[in-house]
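Structure first, commentary second.
The values are calculated or read from the model by the stated rules, or taken from the named source; none is laboratory data. Just so it is clear, the model here is predicted, and its values are computed rather than measured. Cβ coordinates were reconstructed from backbone atoms using ideal geometry, including for glycine residues, and neighbour counts include every protein chain displayed. The protein model used for the area step is the full one, side chains on, heavy atoms only, and it has no ligands, DNA or RNA in it. Shrake-Rupley method; radii C 1.70, N 1.55, O 1.52, S 1.80 Å.
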Amino acid sequence: MKKTLIALALTALPVASMAEVVLYGQMKAGYEASSTKYGSDSRGPYQNGIADYGSRIGLKGSEDLEHGLKVIWQVESAIHLGNSNDKGDSWANRDSFIGLETPYGKFRAGRISNQMKANMDTVDPWQYNNEALGLGKFTRTGQRYVGIAYDSPEWSGFNFNVLYSPRDNVNAGERNKEYDYNMGAGDKYSLGLNYHNAGYYAKYGFDYLKNSAVLLNEEGINEFKDGQVHRIEAGYDANNLFVGVGYQYSKNTGSYSEYVNGIHPSRLNADQTGIEAIAPVGDHNVVTDNSGQEAVLTVGYHFGNIFPKLTYAHGWDVKTDGSKDKNTKYDQIVIGADYSFSKRTTANVQAGWLREGNGPDDISGDIGPNNEPIMVGKGKTKTTAFGVGLKHTF
């Protein structure tokens, strides 16, 4: 009898140990179709297929250590229901960490989202893979860093968070390569402030990126510059009405302009071969010195289970090496609606239009009647897209 009781007790131990483990996730995918026209070229053929909208699965848990102290952990991974688009399906490639929760806040270490990715998605309520169907350009500054984070408790609707990614987590421990390129440290710092009250909300996100860009000075020498991102969002979400506005200023980080993210003319020598490229070292990427400003407005209204919504976004002409580049702005419109079958299952349908400048005119190489160089306009890239999908949260 005693042996039977002992066996039953041992069998129950794994169940007890798993009591604090939660399985959660989102499965979301759909059909998307799009077509793009580059400059004066004819419109390209429609691309269409099944697209994943960011499906994920995770495990999280905690253990009460008494006296208001808990150990917390999470392992979260991406799942691609469509093409992976060169994104890995490896284990723990999303927010995954271990930490402590106290009455004075949470302390975590691991792979952690910055403020822009973790808390600033209200102005982008769309499910999509093609960036023309949502705010893919505006939200590109939402990132995950390997580092240590602190999340404050909430005081009267206000809370804040900080995140620090040390140099050798950014460069994957390849400090010698950083020295070879004379890049300096690539530490990343993030700050977030959040406030909500009676449906009104306001959020601020800030990233500081060490040695994230290079400026070619008048002597033709590369000067490394630090990067910054500032994003502000505010709005109202209550009584069936949603209104959200956002503004973002980015400097010396990845731009919304493909013209800037490519080889900028100032990086070319007289023979047009380009200066020696500065290769990324781990997650320490170096871009052309640049800055840009963007703004977005999203409105929607709940009619029972139906939530129609509209977004307009605008990016102004960017600056590179301190000078404004014409024909680098973008305009975007997304319109659509969600239908809620339940609290956990929602269908979406939307259409998007994105127009972006391809950069200033180029010199064609031909000479005009008055011996002046003839310019060739690059025009704009125009993308139209349509999507319909389904999302289930568990």
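Some points to look at:
- Strands (runs of 3 or more DSSP E) fully within the range 135-231 counting 3 or more residues that are over 22 Å from the mean Cα position of the chain (by Cα): 200-216
- All positions within the range 374-384 that are assigned to a strand (DSSP E or B) and either at pLDDT below 85 or farther than 18 Å from Asp41 by Cβ (or both): Ile374, Met375, Val376
- Residue list for the range 248-279, filter: surrounded by fewer than 17 Cβ atoms within 10 Å (Cβ to Cβ) and modelled with pLDDT of 70 or more: Tyr249, Glu258, Asn261, Ala279
To keep it simple, each residue is scored yes or no on (1) surrounded by 15 or more Cβ atoms within 10 Å (Cβ to Cβ); (2) in contact with an Asp or Glu (Cβ under 8 Å, 6 or more places away or on another chain); (3) at pLDDT below 90.
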site	(1), (2), (3)
Gly336	yes, no, no
Ser342	no, no, no
Asn348	yes, yes, no
Glu356	yes, yes, no
Gly359	yes, yes, yes
Gly365	no, no, yes
Pro369	no, no, yes
Glu372	no, no, yes
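- For the range 285-329, the tally of residues that are open to solvent by 20 Å² or more (accessible area, probe 1.4 Å), hydrophobic (A, V, I, L, M, F, W, C) and modelled with pLDDT of 95 or more stands at 8.
- Hits in the range 190-215 (condition: farther than 30 Å from Lys309 by Cβ and crowded, with 17+ Cβ neighbours inside 10 Å): Leu209, Lys210, Asn211, Ser212, Ala213, Val214, Leu215
- Residue list for the range 34-74, restricted to those being of a type in the set (S, T, N, Q), open to solvent by 60 Å² or more (accessible area, probe 1.4 Å) and touching a Gly at 6+ places or on another chain (Cβ under 9 Å): Ser40
- Count - residues of the range 126-141 that are surrounded by fewer than 22 Cβ atoms within 10 Å (Cβ to Cβ), in contact with an Asp or Glu (Cβ under 8 Å, 6 or more places away or on another chain) and farther than 22 Å from Gly49 by Cα: 1
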